Amino acid sequence: MLIPVRCFTCGNLIADKYDDYQNRIKAGEEPVKVLDSLGLKRYCCRRMMLTTVETMQQIIPFYEAIQRRYLEVQSELE
Ligand SMILES: [Zn+2]
């Protein structure tokens, strides 16, 4: 799932901070310090960052396989 644009609970804009958050976490910074520096004080907004799982890269291979199979079927029908 993609990051929601706004916090589900309070409506605070969070999507613009997600890339920065992910990059800094991958660089090895502690999540609590990154969230504080991004100005996410409320726990509803913090949970949005902490609990979002990017599934797009896991889903794409299935769509590629469906597309390949579709092309195989189309070529067999011709
Ligand atoms: Zn919030």
Legend entry - Residues (open to solvent by 60 Å² or more (accessible area, probe 1.4 Å) and touching a residue at least 40 places away in the same chain (Cβ under 8 Å)) located in segment 31-66: Val53, Glu54, Met56
Inset, instruction - Assess whether Gln57 counts as being assigned to a helix (DSSP H, G or I), polar (S, T, N, Q) and over 17 Å from the mean Cα position of the chain (by Cα). - result: no
Inset, instruction - For segment 8-30, name all the residues that are loosely packed, with under 12 Cβ neighbours inside 10 Å and either of a type in the set (Gly, Ala, Ser) or outside any loop (DSSP other than H, G, I, E, B) (or both). - result: Gly11, Leu13, Asp16, Asp19, Asn23, Lys26, Ala27, Gly28
Inset, instruction - Just name the residue that is farthest from the ligand (Cβ to nearest atom) out of those in segment 30-56 that are out of contact with any helix residue (DSSP H, G or I) (no Cβ under 9 Å at 6 or more places or on another chain) and acidic (Asp, Glu). - result: Glu30
Legend entry - Number of the exception - Val5 against (1) within 16 Å of the ligand (Cβ to nearest atom); (2) surrounded by 12 or more Cβ atoms within 10 Å (Cβ to Cβ): (2)
Inset, instruction - Sort through Glu54, Glu72 and tell me the only one that's at pLDDT below 95 and acidic (Asp, Glu). - result: Glu54
Legend entry - The lone exception for Leu40 - which of (1) in contact with a Pro (Cβ under 9 Å, 6 or more places away or on another chain); (2) not in a helix (DSSP H, G or I) it fails: (1)
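The values are calculated or read from the model by the stated rules, or taken from the named source; none is laboratory data. What you see is a predicted model, and the numbers here were worked out from it, not measured in a lab. Every residue, glycine as well, gets a Cβ built from its backbone with ideal geometry; the counts of neighbours run over all protein chains shown. Ligands, DNA and RNA are stripped out before the accessible areas are found, and what is left, the full protein with its side chains, is counted by its heavy atoms. Shrake-Rupley method; radii C 1.70, N 1.55, O 1.52, S 1.80 Å.
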